[in-house]
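The values are calculated or read from the model by the stated rules, or taken from the named source; none is laboratory data. Just so it is clear, the structure is predicted and the values come from calculations on it, not from any experiment. Quick reminder, even Gly has a Cβ in these numbers, built from the backbone with ideal geometry, and neighbours come from all protein chains shown. To get the accessible areas, we keep the full protein, side chains included, count just its heavy atoms, and leave off ligands, DNA and RNA. Shrake-Rupley method; radii C 1.70, N 1.55, O 1.52, S 1.80 Å.
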Amino acid sequence: MIAVNSVKQWRTLRAGGRFAGKSLGFVPTMGALHEGHLSLLRRARRENGLTAVSVFVNPAQFNDKEDLARYPRTLAADAELLKAGGADFLLVPAASEIYPDGYRYRVSENEESRALCGARRPGHFDGVLTVVLKLLNLVKPDRAYFGEKDYQQYRLVRGMAEALFLDVKIVPCPIVREPDGLAMSSRNLLLGEEERAIAPALNMVLTSGAPLSRMKKALAKLGFEPDYVEERWGRRLAAAKLGKVRLIDNVEA
Ligand code: PAF
């Protein structure tokens, strides 16, 4: 696995002969990798000749500075997992390399990004779409892989790729869960012992078949601070805080 820290280094590599006749699969991440990310890498490896994974904690998508400061960073362990998982390239750019413009230029979507997580996290999806567009333009993959846990994010990225005529296939990948049903997420690392014990109830409530309004009440009773439980796009989606940790999940409606 080749680790790449600078845009210049990557551009030189990408222009070189090693990509000739091989498709490139790309998995963008913010690190603190878990089995969910590794499932994206496995799929990317199955479907492509070469794979690249980025680890970049994107400041532009954090509407809360404390949340950005707290976000788990486990780069050495991530690199080991990716190496063992067979990734060909690990991209770890600095924020100054990704935002030479100081985030003066950004991508916004004006409908779906306003709902659900977007309604509660102002600017979040502008940050996501902008960094994903920058990464896709740099990496130039044939396919890019996104987990369905962030279902709204997946839809917005897919919509952006269509709207801006990007030459990449956006591939959705199913949610990977812990044995107790909790959707895998880097943020799970931030849960205290008690919170971790309660966390699987988010999925239990979502799949309980109760009316949506009752689900919100049930979550509150269990100790969550529910943000939303809504049905859209053939999915039932929820976000709720446990202490300081915001969890999201979704299931087929
Ligand atoms: O899903 C994530 O980890 C991030 O939102 C992404 C797509 C890597 C953009 O920073």
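Listing for the model above:
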{"item": "Meets criteria (part of a helix (DSSP H, G or I), more than 14 Å from the ligand (Cβ to nearest atom) and either open to solvent by less than 40 Å² (accessible area, probe 1.4 Å) or farther than 25 Å from residue 184 by Cα (or both)) for residue 80", "result": "no"}
{"item": "Filter pass, residue 69 being over 16 Å from the mean Cα position of the chain (by Cα), of a type outside the set (S, T, N, Q) and either at pLDDT 95 or above or part of a loop (DSSP other than H, G, I, E, B) (or both)", "result": "yes"}
{"item": "Identity of the residue in segment 1-36, over 23 Å from residue 99 (Cα atoms) and free of Cβ contacts under 8 Å to residues at least 60 places away in the same chain, that ends up least open to solvent (accessible area, probe 1.4 Å)", "result": "19"}
{"item": "Among the residues listed as 237, 156, the single one being within 18 Å of the chain's Cα centre (by Cα), among the aliphatic types (A, V, I, L, M) and either closer than 30 Å to residue 23 by Cβ or open to solvent by 40 Å² or more (accessible area, probe 1.4 Å) (or both)", "result": "156"}
{"item": "Yes/no for residue 63 being in contact (Cβ under 8 Å) with a residue 40 or more places away in the chain, touching a Lys or Arg at 6+ places or on another chain (Cβ under 7 Å) and surrounded by fewer than 19 Cβ atoms within 10 Å (Cβ to Cβ)", "result": "yes"}
{"item": "Helices (runs of 4 or more DSSP H) (entirely within segment 190-234) containing at least 3 residues that are touching a residue at least 40 places away in the same chain (Cβ under 8 Å)", "result": "201-206"}
{"item": "Residue list for segment 165-209, filter: touching a Leu at 6+ places or on another chain (Cβ under 7 Å) and more than 16 Å from the ligand (Cβ to nearest atom)", "result": "191, 195, 198, 199, 200, 201, 202, 203, 205"}
